[in-house]
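Notes for the one structure printed next.
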Amino acid sequence: MHYYYLLKVIHVSAAMLSIALFCLRLYWSVNGSALLQRAWVKVMPHVIDSVLLLAGVSLMLLLRAWPQQQPWLAAKLVGLLIYIVLGSMAIKYGRTARIRLLAGSAAIVVFVFIVGAAWMHSPLSWLV
């Protein structure tokens, strides 16, 4: 069980890095910055999010916590899908700066929901 704490630290750290980098990329996207085209900016989100997902799946397997048995975990996964769609609109597919800002803001709200679902172990997230 000593792997649990290591995996949890990796998962939470990767989540914080992921949202921090997302916020920076959102700022650049809304402002039309050429910095979004740098190689590290295109690669690092995939590296960080892969670590985040791998640690999350490892925790799920270690704890034998399945989404169909743990509603809070199912809520996190649904939230993740919504976050990915909104994040894609915010960084890549939003046609205007306003659409990118709105999509990015909504993605951040969904991220906060995901954190709340994990923290509270409730699909209601922070509303419990």
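Please treat every number below as a calculation from the coordinates, not as lab data. These figures come from a predicted structure and were not determined experimentally. Neighbour counts are summed over all protein chains in view; Cβ atoms, including those assigned to glycine, are modelled from backbone coordinates with ideal geometry.
When region 15-53 is filtered for residues that are in contact (Cβ under 8 Å) with a residue 40 or more places away in the chain and under 19 Å from LEU86 (Cα atoms), the ones remaining, listed by number, are ALA15, ILE19, PHE22, CYS23, ARG25, LEU26, SER29, VAL30, ASN31, GLY32, LEU36, LEU52. The selection criterion, being under 11 Å from the mean Cα position of the chain (by Cα) and either within 22 Å of VAL110 (Cα to Cα) or free of Cβ contacts under 8 Å to residues at least 60 places away in the same chain (or both), does not hold for ILE10. Only residues that are aliphatic (A, V, I, L, M) and within 30 Å of ALA65 (Cα to Cα) were counted across region 1-45, and they come to 14. For region 77-103, filtering for residues that are touching a residue at least 12 places away in the same chain (Cβ under 8 Å) and part of a loop (DSSP other than H, G, I, E, B) leaves 1.
Just one of the listed residues (LYS76, LYS92) is surrounded by fewer than 16 Cβ atoms within 10 Å (Cβ to Cβ) and of a type in the set (Lys, Arg), and it is LYS92.
For region 1-19, a residue qualifies if it is closer than 11 Å to SER58 by Cα and either in contact with a Cys (Cβ under 9 Å, 6 or more places away or on another chain) or hydroxyl-bearing (Ser, Thr, Tyr) (or both), and the qualifying residues are TYR3, TYR4. The number of residues in region 61-76 being out of contact with any Leu (no Cβ under 7 Å at 6 or more places or on another chain) and assigned to a helix (DSSP H, G or I) comes to 8.
Selection of first residues in region 59-76 that are in contact (Cβ under 8 Å) with a residue 12 or more places away in the chain and more than 22 Å from SER13 (Cα to Cα) and of second residues that are of a type outside the set (Lys, Arg) and not in a helix (DSSP H, G or I), restricted to Cβ pairs under 7 Å at least 6 apart or on distinct chains, gives the following pairs, ordered by first then second residue: PRO71/PRO123.
Each residue in region 48-73 was checked for being of a type in the set (Val, Ile, Thr) and surrounded by 14 or more Cβ atoms within 10 Å (Cβ to Cβ), and 2 of them qualify.
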